[in-house]
1. Inspect all residues belonging to segment 158-165 and state whether any of them is over 24 Å from Leu129 (Cα atoms) and assigned to a loop (DSSP other than H, G, I, E, B).
2. When Val412 is evaluated against the numbered criteria (1) in the same structural domain as Ile173 (by TED's automatic domain parsing); (2) in contact with a helix residue (DSSP H, G or I) (Cβ under 9 Å, 6 or more places away or on another chain); (3) surrounded by fewer than 20 Cβ atoms within 10 Å (Cβ to Cβ), which criterion, by number, is the only one it fails?
3. Filter segment 1021-1035 down to the residues that are among the polar types (S, T, N, Q) and surrounded by 20 or more Cβ atoms within 10 Å (Cβ to Cβ) and list them by number.
4. Taking only pairs six or more apart or across chains, which ones have beta-carbon atoms under 9 Å, a first residue in segment 265-292 that is free of Cβ contacts under 8 Å to residues at least 24 places away in the same chain and surrounded by fewer than 22 Cβ atoms within 10 Å (Cβ to Cβ), and a second residue that is of a type in the set (A, V, I, L, M) and not in a loop (DSSP other than H, G, I, E, B)?
5. Go through (1) over 17 Å from Val269 (Cα atoms); (2) not in a helix (DSSP H, G or I) and name the single condition Leu386 misses.
6. Let me spell it out: the conditions are (1) touching a Ser or Thr at 6+ places or on another chain (Cβ under 9 Å); (2) within 30 Å of Val144 (Cα to Cα); (3) buried (at least 18 other Cβ atoms within 10 Å of the Cβ), and Lys316 meets all of them except one. Which number is the exception?
7. Hey, does segment 963-978 have a residue that's assigned to a strand (DSSP E or B), aromatic (Phe, Trp, Tyr) and either out of contact with any Phe, Trp or Tyr (no Cβ under 6 Å at 6 or more places or on another chain) or at pLDDT below 90 (or both)?
Amino acid sequence: MELENEDGENPTAADRKFGEIKENNVAKTAVSSSAASNMNSNRAMAQYNADARLMAEFEQSGKSGKFFNYSKSVAHAPNTLSTEEEMTAYLSKIQRGSLVQAFGCMLAIEEPSFKVIGYSENCFDMLGLKSVVEGKNLMGLIGVDARTLFTSSSRASLAKAVAAREISFLNPIWVHSCANHKPFYAILHRIDVGIVIDLEPARAGDPAMLHASAVQSQKLAVRAISRLQSLPGGDVGVLCDTVVEDVQKLTGYDRVMVYKFHDDNHGEVVSEIRRSDLEPYLGLHYPATDIPQAARFLFMQNRVRMICDCRAKPVKIVQSKELKQPLCLVNSTLRSPHGCHTQYMENMGSMASLVMAVVVNSGELMNLWGLVVCHHSSSRCVPFPLRYACEFLMQAFGLQLNMELQLASQLVEKKTLRMQTLLCDMLLRGAPFGIVNQSPNIMDLVNCNGAALYYRGKCWSLGVTPTEAQMRDIAEWLLNSLEDSTGLSTDCLADAGYPGAALLGDAVCGMIAAKITSTDFLFWFRSHTAKEIKWGGAKHHPEEKDDGGKMHPRSSFIAFLEVVKSRSLQWEVAEINAIHSLQLILRNSFLEIEERGPKPEIFSQQNGSDNQQLVELTSAAAEMVRLIETATVPIFGVDSSGWINGWNTKMYELTGLTLSEALGKSLINDVIHEDSREAAKILLQRALHGEEDKNVEVKLLTFGTHSQNAVILASACTSRNYKNDVVGVCFIGQDVTAEKSVMDKFIRLEGDYKMIMQSLNPLIPPIFASDENACCCEWNAAMEKLTGWMKHEIIGKLLPGEIFGSFCRLEGQDELTKFMILLYRAISGQETQTLPFGFFDRRGEFVDVLLTANKKTEEGGNVNGCFCFLQTVAKQQQAILDKLEVKEKLSKLKELAYIRQEMKNPLNGIRFTHELMGKSGLSEDQKRFLETSEACERQILSIIDPHFEIPQEGELELKMEEFILGNVINAVVSQAMILLNEKNLRLVLDVSERIRTLCLYGDQIKLQLALSALLLTVVEYTSCPDGWVEILVSPSPGSKQMQDGNEFVHLQFRMAHPGKGLPSSLIEDMFAAQNNWLTQRGIALNIAQKLLITMNGNVRYIRDQCRCYFLVDLELIARKSDQ
């Protein structure tokens, strides 16, 4: 921690003086925080200066032809400050380089006119504009309306994006060039003079594939996030190892690393996964100049950066002469890398890279903790949807990492506090040197190689320290040089100005000195950095003569060791804070020892103080018990064995269990409902280990007259004794019984839920639904009232980013990330937990809610989206469905059952009539007609069967029986004849007598269902007049074969018709994996396709030049074995 001295001077990072101890410790802390901020600011400015000087030297070497020795340049960087003009020029080259990568092209436009004010020179080739604009005219696109370069649908999409408040949430936009119709991902962002449109070529030609690809990428990222979240806490290394594995699986790069930035800005490779033949970089440290401050600023703005091919020649940008400076490319996905970076990549054998920022929340500020870096030995381009998914993964990784860092910080604080307490206790119980010659001692407070107490001219030493004479010399130097300051921290005694630093050698380089009296000190010492850090990479080949000078990870490591020569690892702010706190305690303790004399007096005074504190503590405890008993929220507690030892009035109201009845019961076995026992057991076990989870849904048993099981969101709070050991758990709950009832009943009920969606009944919560592509497909009246946004404005829009992000603004990126994780987990069919969530409504007022997501399934059980329920936190909704509403739903199910039953009655009459006709003398034709009628009748009966369900592949049970194929064909054709006649269509039936008379073994009715659905679809979409429909049934080549004693026949059915064919949406419905049907005809085709697959067949829809047709290949048993 760097402090200002009384003269107002601000010491350098290498020489930090402790300020004079004030009586007001709060004021002291404030001064310390300010000094730390100044220290970081000064360090950053110094680093900017060093970066600028190094780049200038690199560029100068390129002009002069002089060899640029990277290691020496870093180690001996000039200390002279850059002028304002030099710094401006340096930043302009980084941010406004006027060059883009060649894998895409770029347009810059004015708002709102879309007038082009800049473009990359390759726009003519990529957009096919050579014939539109004369290529020789370099200003050819300046002033052109950019919308005219794209198709009409693309223009509408671009206009919508430009009109949006948060333009980045809508990226990427799918556009097609008007000239060559090539598809592109358009990635838009605003700059000072307009909007930059980065255009990256897309592989697929269907806009629907863009959305499907993006959602699939997000689902893959969610799977990786779930893996991260399932890891045990307390190990940042495991977290980093897991994320590099997941990123490599997502992207396929040869090498993926996690770089961590240390407090002094130098970096370290802390995790790596690589191709087996590549040189390892794990453990590599590199100087701060390897990733300049300006580049780090860019990563904070544009958190995913891709270089496709570092050897590719960059493309120049042409811009309007009216612009006063080059276009800002900070957020451009195409921004070209600087020459020194491409040379570095080539030297390490990497042609392509993908770099992702790891950002954590440091108080109110976002801090660049490090980077996840991917390298590839050949050119590689990752499409934008996958890069966006990687950014999503990095946001989740940052959240998880931040939790781990906070946990580690809390553990360090606890350890420090415990150590300070023990050291002070030792000081009171024995001689002052007890804190150095007993265990624990002052070396246990911070990471160091040695420590010492210098007290009344004597030294007590631990570990690696200077000699007693040298420490006496250091103490005299500090007394003469510190003046009114109370201490010093440095990573280099030589730089701090100590004259005898050279005599100490590498064993003692860094030091913290804390003054505890006017003449006495505590010391902590560190050895030089090279002793602590080992190079983890492979050794260089002796033939590489310029190994130490060229830009390469190995030379970066050499440069780092040169920079830290005669320096120790820097003292972290937390370590300085710990020492500073101990200094305050010890200084007062030493003064008390000197002033008050023997120990008995100290203990006597301490005991008197303790008695008074005990009275106050007892009074406070009694007041706390009273508050808990009368609280309006459920509160209960258990001991370390899980037996209930606390139970307030609200818990009695929820469960019917009185305090006396609850005490001594097992929480898990006696009070928790069996549905929640596993979750409650995990919650309790984690709490007993110090892990306090919040908002875990728990269902409680009820007793006495209570009939409805209560549901609460329980948050655990560990109870500790004076030794800080966990002795029990206190649970604070939130009653969500009514809300849970609404959600469960809503999900269970089938059929029409329009009434729930449109009702403003206060008992019905705000509900919205997502389809499988994360687009909003439902937005009920309560959501309209809560947000101010109407259903017609919301439906069809993307929930993460567009609805919650642009329409309903969020507080920050973390909120969006957490929402996306919850949403995509639910869409993937995974279990989710209640999420505390907040957004701004249309009026700009903040809405605080609890968000619950549940998967949404089709009748077949396939997940096709999710339902989301909001519960306002400010006033809990006591909502439960009215019994009349439930009766209405049940009555609809009864109506359906009634219709099925009543259809059977006339069908029974038809069947009876058929039996009578069969017994009378009928001609052969009449018998055939009767058989056809009976086949259709059986088909109806199978559909109205109460047990009929939408078939799923591999789950359908076939009813095997013998049948004549001709009877099936007759039944199928008869169902289409009325429609054929109404549309005046000609039927061409090409079925040989040999095929008609085939005796087959299988499920006749399900075959009829499938074929009739295909035929009716063909007839319905055949245009007239002069239209026709053709049915051709023929054996496939090599159609007969024997298997398991059965003779199989392979048949091919073709149902053809003229014209353009069926709509693409209908074919998509037919092959939809998730039963995401749009029409009734789509349902019929989807069922038909599944039925045919179940019967060892398949169906395709083929478009020829003059006709289109369904082609069905089917394998049926021609003769059943007698075995």
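1. yes
2. Of the numbered conditions (1) in the same structural domain as Ile173 (by TED's automatic domain parsing); (2) in contact with a helix residue (DSSP H, G or I) (Cβ under 9 Å, 6 or more places away or on another chain); (3) surrounded by fewer than 20 Cβ atoms within 10 Å (Cβ to Cβ), the odd one out for Val412 is (1).
3. Going through segment 1021-1035, the residues among the polar types (S, T, N, Q) turn out to be 1022-1023, 1034.
Correct list: Thr1022 only.
4. Note: pairs meeting the criteria are Arg274/Val256; Arg274/Met257.
5. (2)
6. Exception for Lys316: condition (3).
7. Yes; the residues of segment 963-978 include at least one that is assigned to a strand (DSSP E or B), aromatic (Phe, Trp, Tyr) and either out of contact with any Phe, Trp or Tyr (no Cβ under 6 Å at 6 or more places or on another chain) or at pLDDT below 90 (or both).
This table checks each residue for (1) among the small types (Gly, Ala, Ser); (2) in the same structural domain as Asn695 (by TED's automatic domain parsing); (3) assigned to a loop (DSSP other than H, G, I, E, B); (4) modelled with pLDDT of 65 or more.
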position	(1), (2), (3), (4)
Val711	no, yes, no, yes
Lys723	no, yes, yes, yes
Val729	no, yes, no, yes
Gly751	yes, no, yes, no
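The values are calculated or read from the model by the stated rules, or taken from the named source; none is laboratory data. Only a predicted model underlies this, so the values are computations on that prediction, with no experimental measurement involved. All Cβ positions, glycine included, derive from the backbone under ideal geometry; neighbour counts span all protein chains shown.
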